[in-house]
1. Name the most mobile residue of B:Ala62, B:Ala76, B:Ala25, meaning the one with the largest mean-square fluctuation, in a Gaussian network model of chain B with Cα contacts below 10 Å.
2. Could you work out the longest stretch of chain A that avoids the trypsin sites (Lys or Arg not before Pro) located in DSSP loops with at most 15 other Cβ atoms within 10 Å?
3. Kirkwood hydrodynamic radius for the protein assembly as shown: how many Å is it when counted over pairs of different Cα atoms?
4. Within 10 Å of each residue's Cβ, count the other Cβ atoms and sort A:His125, A:His96 from fewest upward.
5. So, in Å, what gap is there between the alpha-carbon centers of the stretch A:98-147 and the stretch B:37-115?
6. Give the residue from B:Gly97, B:Ile32, B:Trp20 lying farthest towards the positive end of the charge dipole for the stretch B:18-125; charges sit on Cβ (+1 for Lys and Arg, -1 for Asp and Glu) and the dipole is referred to the Cα centre.
7. For a quick check, take a GNM of chain B with Cα springs below 10 Å and name the residue from B:Phe69, B:Phe117, B:Phe107 with the largest mean-square fluctuation.
8. By what distance, in whole Å, do the Cα atoms of chain B stretch along each of the three principal axes, largest value first?
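Just so you know, all these numbers are worked out from the coordinates, no wet-lab data involved. What you are looking at is a predicted structure, and each value in this text was computed from that prediction instead of being measured. Note: ideal-geometry Cβ built from the backbone for every residue, glycine included; neighbour counts use all protein chains shown.
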Amino acid sequence: MTASTARLAERWDRPDLNPPRPRIAVETLAGSWKKTNDKQQWIDSLIVDTEGDSLYVTIFGSAPPSPPSWGRKRAEVLYSGGIGTGDTRAGAFTAHYRFDDFDVEVQANLNLGLLVVATFVTCRHSGPLSDRFTREFFYRAVDGDRS
Amino acid sequence: MTVTAPVVTGLDPGVLVGDWRNTNAEGSIARIVCTLRDGGSVDVRAYGRYAGTPADWGSVPASIYAFTFEERAAGAFSARFELGEARVDLQANVKLGVLVVVELITFLDGSGRSNFFDREFFHQVKR
């Protein structure tokens, strides 16, 4: 095996990784996240909190038709930043929201200290609005941040 | 591989359709081919390279999305590949001519491998 293919194999083919899986470090993602963009956008802010090994996200909309408060949802799947680690400094989570007019799949990942949040919005009724993709960026608010 | 029902949409998927190659020769996915499906949606075929050699993951129907509620041009898609030992969700969007692909890998085999997140970039091969 060449060095190149060895690196490739490390992606998935890891018979050395026996159960149990490493615990996913959900706490790394926790916090209050605010939009980096001064202008209105799809999501204004998020709160990520944890209970044991579970992660919950609460989303606040920025401008209609984004609901002002999306509510709190449990993340459905948690992803680490690598196949052999539970480190989430480059990890991600997914969650789903269901509203009267659309369904939203949320995917958020940490990248260099930013929370990068993508949403896939699927309209539930035929009408003038297209299904929509968003990707927005959020910084972690620190205590005393009133911006 | 599980093929779900095709997604019918009124969006124009033109910018997504094509043969996309990974900008990283050592990336997890070598190639993604997006083809137009009857009804205006898109099928996505991926060639994974996790074991060193490109493997055809097959073709699945994708859901496509515009960048705003008002646009009729699609610029993003999501697609799911069921590979037995793992499920791979691809979430992609075109930005400045580059297909930015988020890969969410969920292992289903009870192994010690962690579900993991990756992101890769693809350029289109012009014919």
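1. For chain B, modelled as a Gaussian network with Cα springs under 10 Å, the answer is B:Ala25.
2. A:40-88
3. One over the average 1/r among Cα pairs gives 19.4 Å for the protein assembly as shown.
4. Values: A:His125 8, A:His96 13.
Lowest to highest Cβ neighbour count: A:His125, A:His96.
5. The stretch A:98-147 and the stretch B:37-115 have Cα centres separated by 19 Å.
6. In the stretch B:18-125, that residue is B:Gly97.
7. Largest GNM mean-square fluctuation: B:Phe69.
8. Extents along the principal axes: 45, 30, 24 Å.
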